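A.B. asks: Have a look at this one before I ask anything.
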Amino acid sequence: MNIKHSFLDAFVAAILATIVFGPIMGIVLDGYSFNLDVPRVAIIVGIIFVGRFVFQLTISTQGGRDFFQQFEKGRAGSIEVTDPGIKTVLAKAIPFIMLAAAILPFFIGKYWITILILAYIYILLGLGLNIVVGLAGLLDLGFVAFYAIGAYGLALGSEYLGIGFWIALPMSAILAASFGAILGFPVLRMHGDYLAIVTLGFGEIIRLVLNNWSAFTHGPNGASAPPATLFNLEFKRTAAEGYTPFHEFFNIDYNSTHRYIFIYLLVLIAVAFALRLKHRLVKMPIGRAWEALRENEIACRSLGMNHVTIKLSAFMMGAAIAGVAGVFFAAKDGFVNPASFSFIESALILAIVVLGGLGSTVGVVIAALLVILIPEVMREFSEYRYLVFGLLMVIMMIIRPRGLITIKRDRKFSTKGEGAVVETKQGEGAA
Amino acid sequence: MSKNILTIDKLSMRFGGILALDNVSFEVEKGSITALIGPNGAGKTTVFNCITGFYKATSGALTLHTRQEPTSINKVLGQPFQLDDIFKPRQLASRIFYKMFGGTHRVNMAGLARTFQNIQLFNDLTVIENLQIAQHNTVNKSLFAGVFNTKAFKESEQASIDRAYELLEVFNLTADANRLAGEMSYGQQRRLEIARAICTNPEMIALDEPAAGLNPNETEALAKMIQMLRTEFKMTVMLIEHDMGMVMKVSDFIIVLDHGEVIAKGTPDEILNNPKVIAAYLGVDDDEVAA
Amino acid sequence: MDSLAIILQQLVNGLTLGSVYGLIAIGYTMVYGIIGMINFAHGDLYMVSAYLTAIFLALLSFFGIDSLPVVLFLTLLGTMAITGVYGWVIERVAYRPLRNSTRLAPLISAIGISFVLQEYVRINQGSNDQGIPALLFGAVRVPVGNDFFQITYSQILIIVVSLLGMGLLTYVIQKTELGRQCRATQMDRKMSGILGIHTDRIISTVFVIGAAMGAVAGVLVTLNYGSFNFSSGFIIGIKAFTAAVLGGIGSLPGAMLGGIVLGMAESLFSGLVNTDYKDVFAFGLLVTVMIFKPSGLLGKPAVEKV
Ligand SMILES: Nc1ncnc2c1ncn2[C@@H]1O[C@H](COP(=O)(O)OP(=O)(O)OP(=O)(O)O)[C@@H](O)[C@H]1O
Ligand SMILES: [Mg+2]
């Protein structure tokens, strides 16, 4: 233990904290003058001083060093090779979870249904971005642009082309993927980090165009989007020409909640599809190629793989999923405007992917639910949520850059059964 | 059909102010084992990087004669537009095509595979997966088949696994099939890298210092494997190597590079007695002794 | 109005804007040059420095110091110093632990820091626009034909201080021991370490320099435009990054040149074509440069070593 050294170190940290937190926290601008708020500066400086002091004392002991060494190991990330086909408890539970999710909307009010729809849309977005960032290792900061293209695809498609929800769904996916291709093709051959900035710029371009091209998009006022229909049945009190309202067809009372339950179920199905897709992709050559590119691009090129088109496929796949999510978003609200597609949205989706643990499916689902639901449950939290997300992103990168969950890789056997041999040998050795 | 599998004509490579290769010309005969030797920094790896498409040569023509047709390496990497393209629509179309879809991977697809001086594996993937990735261009990539896990898809996947095991057998790595590539010993990693290159079904393979960091026994075994590449896999082998014993033993031809220039070519015996080569190497030895 | 006068006016505005882009671009370009990372939070440091400017002005007037040169000098110095500390702390806390991590980790961490800075300022200072009183009045009018264009004193201040700052920095990088160590570390960090340069210290220094240069921009812009809020750093940050890429990322003169070219192009575009789409134009330029000339105006095309 080295108290003097720890104290000095903590003292320096406290001085730095005073410089950093003092002006912005302590001197609050009020017109051209200011109000002092010294106590909160004192509190935070105090916390930092004590925290740093305790930390330094701890790591000056052997036990403390060991404790922090654990994190060092975690940082390296753990990968396990396991037999294929072993189902985890979670995998077994998935059908039940899905079933429970499917009957849930019949027991909760409209308010919670809409919030859950939003949460599921974010799961979709998270899964889409996870393919791009988590699997292929491409940082896409303009993901929201594809989401916007999907949403406006429905709104403007119905306005100008008269298409409905069901046509818009595949069309928006294709449209978003095409935009992804046009943007990605030239950009993906460049150094990785540039992609982040170019996509960021692209996201802003799309938003600005939606905002400024009023003649086409109605600018900041937004555009209305048609709701989803069930085989030409509309979820309205009185249907448009040529359509029948859902409640008349089934001879039940009109209830505006039906519309939301319907969209809820549709989004749930989409989430199930996306989960299945992700599950399969990692076992397919294309998913393997994405991971390979993330690991070592030079090796990939030397093996005859076109890194541009392989990255592009991930980029387009992610864009298509975002496009679909956008259609659901527009159909849910019946209305879209550019304000919903600002950079903060892209960053939120990225936060979901990062907090869930890059590449982890379960993590993304949980993170999306938490990110959307916690601010609803704890109102006070919503004021601080972006601050907390930002801090968590930094902390995640420092302690577990590869995500929280152990990565599992499948063991593979030849037709003759080779590969299994090692296992028995090890088993014998242990016995 | 040419008896040479690779012709290099007046290859030069410049990095800013450094002229790393200066008018290098040589041929590699089909079915041969050809060694490229020279002191450190002579430009050997740079030659490999040019012929395998990692660097675009500053000037010079590189041609592969594989898969029954000549392939211009310069062309498949994508070349700048020329004025006369306007009058030759086909030439223009081909240039646009290779600008869009050309690149390093085309060289491998044409039948030239390589390994690296500093090993380039997918460290966090298993050995089998490393070998499966190398078969990317031959497996069933249909999205539909993969997502619905059809019979054809399963067969294609199993076939790629079986092929991987065949090669692991050859390179004596079967026991490590399901380990992570990054966990293996250095010698094993070197062998895996060669096996992985072979998975792409090349006609020629370029090995950059395959014996570096191996002990004498491993080097001995490696020499046998290199000879086997020719006898069993019918491949042309080109290698960079500092281990002279091994070079003299396995190679049919030797090309000596010094300061970016070819200073000698010939059979091992001719090279051994070439005064220029001796000078180049002794010069380096002197420095090393002094250091 | 005389169209020549309009063009000249836009060029003056562009030069002003461009000097600011150039100052901020220095932070991007130096950090990218030395550790190959886009410091996503750099634009937000600029925003913090705008708040610090207002805070310093308010404090100085509270203490009754009202000689304009003294006020400007103290504000500039104080803001640079504090923003520099921000740069140092951020590097130390959020980037240094990630030196040997995955490729995406520092970038994601930087995005996290960008969030944190914006929210930290918003929560403490409120989300409304803030402002400072106008301090510099007047302009020089230059007649053109029977029309004129003008350069305000604050524009002159921006251009002069930017040029001085850039000149000083160029001197430091080219002529001093510290600059030599910076350049060596940029060329080959490992080798520089072996040769006894404290590369970590050099990297920290680069962050401090970048932040301080961003702070100069923050002070100047705040003096000129007067108003700002917690998200002011976002757009200008991307633009400055565009300037860095345009000039050739990693190149110091490139950052200045890129800034001025971008500022002029943007001003001309908004003066002659359309103001609504000026940001679209700037981002479009970024994408175009990256596609057709990724090494920028003054950058050297590097061959990735295999
Ligand atoms: N991408 C690059 N950028 C700049 N210079 C390079 C690059 N690649 C190689 N060089 C330079 O080219 C010269 C030749 O290098 P090369 O790696 O080809 O040597 P080598 O013969 O393989 O040496 P060794 O036996 O040490 O592997 C060296 O001076 C090297 O610094
Ligand atoms: Mg070499």
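The values are calculated or read from the model by the stated rules, or taken from the named source; none is laboratory data. All figures in this text were calculated on a predicted structure; none of them were measured in a lab. Here Cβ is always computed from backbone atoms with ideal geometry, including for glycine, and neighbour counts include all displayed protein chains.
A.B. asks: Quickly run through region A:158-173 and pick out the residues that are without any contact (Cβ under 8 Å) to a residue 40 or more places away in the chain and among the hydrophobic types (A, V, I, L, M, F, W, C).
C.D. replies: A:LEU161, A:ILE163, A:ILE167, A:MET171
A.B. asks: Report, by residue number, each residue of region A:386-403 that is facing chain C (nearest Cβ under 7 Å) and part of a helix (DSSP H, G or I).
C.D. replies: Listed by number, the residues that qualify are A:TYR386, A:LEU387, A:PHE389, A:GLY390, A:LEU391, A:MET393, A:VAL394, A:MET397, A:ILE398.
A.B. asks: I've got another one for you. Does region B:144-151 include one or more residues that are in the same structural domain as B:GLU166 (by TED's automatic domain parsing), closer than 22 Å to B:ASN49 by Cα and part of a helix (DSSP H, G or I)?
C.D. replies: Taking every residue of region B:144-151 in turn, none turns out to be in the same structural domain as B:GLU166 (by TED's automatic domain parsing), closer than 22 Å to B:ASN49 by Cα and part of a helix (DSSP H, G or I).
A.B. asks: Taking region B:209-252 as the search range and keeping residues that are surrounded by fewer than 17 Cβ atoms within 10 Å (Cβ to Cβ), under 17 Å from the mean Cα position of the chain (by Cα) and not in a helix (DSSP H, G or I), which one is nearest to ligand 1 (Cβ to nearest atom)?
C.D. replies: Filtering first and then ranking leaves B:HIS242.
A.B. asks: Would you mind stating whether B:GLY78 is more than 16 Å from ligand 2 (Cβ to nearest atom), within 24 Å of B:THR7 (Cβ to Cβ), small (Gly, Ala, Ser) and modelled with pLDDT under 90?
C.D. replies: Taking the combined requirement at face value, the residue satisfies it.
A.B. asks: Hey, can you tell me all the residues within region B:32-69 that are under 25 Å from B:ILE254 (Cβ atoms), away from ligand 2 (no atom under 16 Å from the Cβ) and of a type outside the set (S, T, N, Q)?
C.D. replies: B:ILE33, B:GLY53, B:ALA57, B:GLY60, B:ALA61, B:LEU62, B:LEU64, B:HIS65
A.B. asks: If you scan region A:339-359, which residues turn out to be within 11 Å of the chain's Cα centre (by Cα) and not in a helix (DSSP H, G or I)?
C.D. replies: Selection gives A:GLY357, A:LEU358, A:GLY359.
A.B. asks: Which of the residues spanning region A:182-196 are in a loop (DSSP other than H, G, I, E, B) and either among the charged types (D, E, K, R) or not assigned by TED's automatic domain parsing to the domain that holds A:LEU138 (or both)?
C.D. replies: Within region A:182-196, just A:ARG189 meets the criteria.
A.B. asks: Quick one: which residue in C:VAL303, C:VAL245, C:VAL273 is at negative phi, within 16 Å of ligand 1 (Cβ to nearest atom) and modelled with pLDDT under 90?
C.D. replies: Among C:VAL303, C:VAL245, C:VAL273, only C:VAL303 is at negative phi, within 16 Å of ligand 1 (Cβ to nearest atom) and modelled with pLDDT under 90.
A.B. asks: I'd like to verify a number: residues in region A:184-210 that are more than 8 Å from chain C (Cβ to nearest Cβ) and not hydroxyl-bearing (Ser, Thr, Tyr), how many?
C.D. replies: Of the residues in region A:184-210, 9 are more than 8 Å from chain C (Cβ to nearest Cβ) and not hydroxyl-bearing (Ser, Thr, Tyr).
A.B. asks: Quick one: in region B:16-31, of everything that is buried (at least 22 other Cβ atoms within 10 Å of the Cβ) and among the β-branched types (Val, Ile, Thr), which residue is nearest to ligand 2 (Cβ to nearest atom)?
C.D. replies: B:VAL24
A.B. asks: Please go through region A:314-353 and pick out each residue that is among the β-branched types (Val, Ile, Thr) and touching a residue at least 60 places away in the same chain (Cβ under 8 Å).
C.D. replies: The answer is A:ILE321, A:VAL324, A:VAL327, A:VAL336, A:ILE349, A:ILE352, A:VAL353.
A.B. asks: Now for a separate question. Which numbered condition trips up A:ILE43, out of (1) touching a residue at least 12 places away in the same chain (Cβ under 8 Å); (2) more than 8 Å from every other protein chain (Cβ to nearest Cβ)?
C.D. replies: (1)
A.B. asks: Take A:LEU358 and tell me if it is buried (at least 22 other Cβ atoms within 10 Å of the Cβ) and out of contact with any Phe, Trp or Tyr (no Cβ under 9 Å at 6 or more places or on another chain).
C.D. replies: For A:LEU358, the condition - buried (at least 22 other Cβ atoms within 10 Å of the Cβ) and out of contact with any Phe, Trp or Tyr (no Cβ under 9 Å at 6 or more places or on another chain) - is met.
A.B. asks: Can you confirm whether region C:126-140 contains a residue that is crowded, with 19+ Cβ neighbours inside 10 Å and touching a Leu at 6+ places or on another chain (Cβ under 7 Å)?
C.D. replies: Yes, some residue in region C:126-140 is crowded, with 19+ Cβ neighbours inside 10 Å and touching a Leu at 6+ places or on another chain (Cβ under 7 Å).
A.B. asks: Looking only at residues that are part of a loop (DSSP other than H, G, I, E, B) and within 10 Å of chain A (Cβ to nearest Cβ) in region C:35-80, which one is surrounded by the fewest Cβ atoms within 10 Å (Cβ to Cβ)?
C.D. replies: Across region C:35-80, the extreme among qualifying residues is C:GLY36.
A.B. asks: Then there's this: Between C:GLY233, C:GLY165, C:GLY237, C:GLY226, which is surrounded by fewer than 19 Cβ atoms within 10 Å (Cβ to Cβ) and among the small types (Gly, Ala, Ser)?
C.D. replies: Among C:GLY233, C:GLY165, C:GLY237, C:GLY226, only C:GLY226 is surrounded by fewer than 19 Cβ atoms within 10 Å (Cβ to Cβ) and among the small types (Gly, Ala, Ser).
A.B. asks: Which is acidic (Asp, Glu) and within 16 Å of ligand 2 (Cβ to nearest atom), of B:GLU209, B:GLU155, B:GLU220?
C.D. replies: B:GLU209
A.B. asks: Let me ask you something else. For the structure I just gave you, tell me whether B:LYS99 is within 20 Å of A:ARG301 (Cα to Cα), among the charged types (D, E, K, R) and within 14 Å of chain C (Cβ to nearest Cβ).
C.D. replies: It is true that B:LYS99 is within 20 Å of A:ARG301 (Cα to Cα), among the charged types (D, E, K, R) and within 14 Å of chain C (Cβ to nearest Cβ).
A.B. asks: Now for a different question. Would you confirm whether any residue within region C:216-231 is touching a Lys or Arg at 6+ places or on another chain (Cβ under 9 Å), farther than 20 Å from C:GLY18 by Cβ and assigned to a helix (DSSP H, G or I)?
C.D. replies: no
A.B. asks: While we're here: Residues that are aliphatic (A, V, I, L, M), within 16 Å of ligand 1 (Cβ to nearest atom) and more than 25 Å from C:ALA302 (Cα to Cα): list the strands (runs of 3 or more DSSP E) wholly contained in region B:1-118 that include at least 3 such residues.
C.D. replies: B:33-37
A.B. asks: How many residues are within 14 Å of another protein chain (Cβ to nearest Cβ), more than 39 Å from the chain's Cα centre (by Cα) and surrounded by 13 or more Cβ atoms within 10 Å (Cβ to Cβ) when one looks only at region A:1-40?
C.D. replies: 2
A.B. asks: Report, by residue number, each residue of region A:1-30 that is acidic (Asp, Glu) and either free of Cβ contacts under 8 Å to residues at least 24 places away in the same chain or touching an Asp or Glu at 6+ places or on another chain (Cβ under 9 Å) (or both).
C.D. replies: Listed by number, the list holds a single entry, A:ASP30.
A.B. asks: For region A:172-183, give me each residue that is surrounded by 23 or more Cβ atoms within 10 Å (Cβ to Cβ), more than 19 Å from the chain's Cα centre (by Cα) and more than 9 Å from chain C (Cβ to nearest Cβ).
C.D. replies: Correct list: A:SER172 only.
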